[in-house]
Amino acid sequence: MGIIELLGSCVDMLIPDECPICGVRMTAHSSPVCPACRGSLLSESALAPVSSGHIPAIWSCLPYSGVLRECIKQFKYHGRKRMTRVFFDLAGEYLAEKPVPVDIIDSLIPVPICSARLRERRFNQSELIAGILCRLVSKPVCVHNLTKSENTPPQNGLSRNRRIDNLKGSFFTRDPAAMRDKTILLVDDVMTTGATLETCAEELLRAGAKKVLGFTLARTL
Ligand SMILES: [Zn+2]
């Protein structure tokens with residue numbers, strides 16, 4: 001367990017009565033955030049799906065800002081897995097308003113992270129989000145086929161095309177035959193330029209997938 005995650009878990013156990021987003025004291029501990037933060041998250045307008053590159057539709061619940069951005073940071077960088085409870089509520093509400101075409105989807109594939117990052121973080125945030133979707137849309141999660149082979153340089157500040165160049169060749173499918181003629185819903189936490197989703201989609205289509213769609217909790221606007 002990384003020190004950050006360990007500290008995050010300790011904080012969760014020791015002071016569960018303080019909202020990690022706004023710091024207000026909480027009387028009920030059933031939600032990982034206070035009622036006001038939860039309410040503001042669930043009252044925002046849902047984003048419409050967008051197309052990007054080879055992906056005809058990418059659904060993202062909300063802009064990457066405000067309470068959701070803080071929740072994702074606490075989840076991803078401070079090991080607060082309890083945030084999945086609020087993500088479950090958010091995604092459930094979103095899908096009720098902007099349904100994904102569940103009937104045509106064969107499986108959910110989380111965007112993989114490289115093994116060094118996985119060792120450091122101890123979990124792949126996209127895999128946990130795919131687990132939430134699995135419960136909401138009753139489709140299987142496929143985690144061991146699409147793989148990230150190496151640690152690519154940081155993507156911050158690069159243009160979409162530079163990001164795609166950066167990522168080229170870093171995702172591969174272990175079993176391409178299992179992807180043949182499948183419609184895949186790729187799952188990630190945040191869509192920034194769409195370069196990561198696009199690179200994964202290109203690899204899945206190269207392996208023989210029929211169609212690749214996308215879902216993220218947040219999108220940078
Ligand atoms: Zn709060």
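Throughout, read-outs are computed from the coordinates displayed, never taken from laboratory work. Treat the numbers as computed from the prediction; the structure is a model and nothing was measured. Positions of Cβ are generated from backbone atoms using ideal geometry, with glycine treated the same way; all protein chains shown enter the neighbour counts.
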Partners for Lys211 among lysines (Cα-Cα distance below 27 Å; same-chain residues under 8 apart left out): Lys98, Lys139, Lys148, Lys168, Lys182
Distance between the range 173-221 and the range 81-144 - C-alpha centres, whole angstrom: 13
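Let me make sure I get this right: for the range 147-216, a, b and c are the square roots of the gyration tensor eigenvalues over alpha carbons, sorted descending. Under 1.5 in a/c it's rounded, otherwise prolate if a/b > b/c, else oblate. Which is it?
Values: a/c = 2.29, a/b = 1.57, b/c = 1.45.
Prolate is the answer for the range 147-216, as a/c is 1.5 or above and a/b outweighs b/c.
So for Tyr64, Tyr77, Tyr94, fewest C-beta neighbours within 10 Å to most, what's the order? Mind dumping the intermediate values first?
Details: Tyr64 18, Tyr77 13, Tyr94 22.
Fewest-to-most Cβ neighbours within 10 Å comes out as Tyr77, Tyr64, Tyr94.
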Crossing angle, helix 66-77 versus the chain [Cα axis fit, 0-90 degrees, rounded to tens]: 80
Beta bridge orientation in the range 45-219: antiparallel %, DSSP, nearest 5: 20
Where N is the number of residues in the range 45-219, Cα Rg divided by 2.2 N^0.38 Å: 0.95
Tilt relative to the chain, helix 83-97 - C-alpha long axis, 0 to 90 degrees, to 10: 60
